[in-house]
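Reviewing the structure listed below.
The values are calculated or read from the model by the stated rules, or taken from the named source; none is laboratory data. All figures in this text were calculated on a predicted structure; none of them were measured in a lab. All Cβ positions, glycine included, derive from the backbone under ideal geometry; neighbour counts span all protein chains shown. The accessibility values were calculated without ligands, DNA or RNA, using every heavy atom of the protein model including side chains. Shrake-Rupley method; radii C 1.70, N 1.55, O 1.52, S 1.80 Å.
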Amino acid sequence: QVQLVESGGGLVQPGGSLRLSCAASGRIFSIHAMGWYRQAPGKQRELVARITSGGSINYVDSVKGRFTISRDNANNTVYLQMNSLKPEDTAVYYCNFVQMSGVSWGQGTQVTVSS
């Protein structure tokens, strides 16, 4: 079993920045991919950014050029640097680890972009 603990959410003004972190612990053997998803009220959960074990990265179009995903393999941690935040980025952000043994989700962290 893998536990994911997220941190870094909060309230920020439009144009501001936040950095989300997600640290994994437990039965970690071979991580295939790590990612960040978000879910806004009344909307489906969507993939925001994903990085594979091979280093391939993809982003949803709406965050390209503003968000950066990165990882620290030694500490089983994935980050999401979010710049130039917009009100439409407001959502609960979830991290996600994919291993051969299954998929794990964090508990979610709220990001609110508002003046």
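Given the structure, is L47 within 13 Å of Y93 (Cα to Cα), in contact with a Gly (Cβ under 9 Å, 6 or more places away or on another chain) and either aromatic (F, W, Y) or in contact (Cβ under 8 Å) with a residue 60 or more places away in the chain (or both)?
Values: within 13 Å of Y93 (Cα to Cα): yes; in contact with a Gly (Cβ under 9 Å, 6 or more places away or on another chain): yes; either aromatic (F, W, Y) or in contact (Cβ under 8 Å) with a residue 60 or more places away in the chain (or both): no.
It is false that L47 is within 13 Å of Y93 (Cα to Cα), in contact with a Gly (Cβ under 9 Å, 6 or more places away or on another chain) and either aromatic (F, W, Y) or in contact (Cβ under 8 Å) with a residue 60 or more places away in the chain (or both).
How do the strands (runs of 3 or more DSSP E) wholly within the stretch 40-115 filter down when requiring 1 or more residues that are within 16 Å of S30 (Cβ to Cβ) and open to solvent by 40 Å² or more (accessible area, probe 1.4 Å): which remain? Talk me through it step by step, then tell me what you get.
Numbers: elements: 46-52, 57-59, 67-72, 77-82, 91-99, 102-105, 109-113.
Qualifying strands (runs of 3 or more DSSP E): 67-72, 102-105.
So is D72 of a type outside the set (V, I, T), modelled with pLDDT under 95 and within 14 Å of the chain's Cα centre (by Cα) or not? Let's see the steps before the verdict.
Values: of a type outside the set (V, I, T): yes; modelled with pLDDT under 95: yes; within 14 Å of the chain's Cα centre (by Cα): yes.
Taking the combined requirement at face value, the residue satisfies it.
In the stretch 6-28, how many are open to solvent by less than 30 Å² (accessible area, probe 1.4 Å), part of a loop (DSSP other than H, G, I, E, B) and of a type in the set (A, V, I, L, M, F, W, C)?
Count: 0.
Which ones in the stretch 29-39 are open to solvent by less than 50 Å² (accessible area, probe 1.4 Å) and of a type in the set (G, A, S)?
A33, G35 - these are the residues of the stretch 29-39 that are open to solvent by less than 50 Å² (accessible area, probe 1.4 Å) and of a type in the set (G, A, S).
When you check G54 against the structure, is it in contact with a Ser or Thr (Cβ under 8 Å, 6 or more places away or on another chain) and farther than 16 Å from S104 by Cα, yes or no? Outline the logic, then answer.
Working: in contact with a Ser or Thr (Cβ under 8 Å, 6 or more places away or on another chain): no; farther than 16 Å from S104 by Cα: yes.
No, not satisfied.
What is the number of the single condition among (1) more than 22 Å from G15 (Cα to Cα); (2) polar (S, T, N, Q); (3) over 13 Å from the mean Cα position of the chain (by Cα) that N58 does not meet?
For N58, the failing item is (3).
As an exercise: evaluate Y37 against (1) on the phi > 0 side of the Ramachandran plot; (2) not in a loop (DSSP other than H, G, I, E, B) and give the number of the one condition it does not meet.
With (1) on the phi > 0 side of the Ramachandran plot; (2) not in a loop (DSSP other than H, G, I, E, B) applied to Y37, the lone miss is (1).
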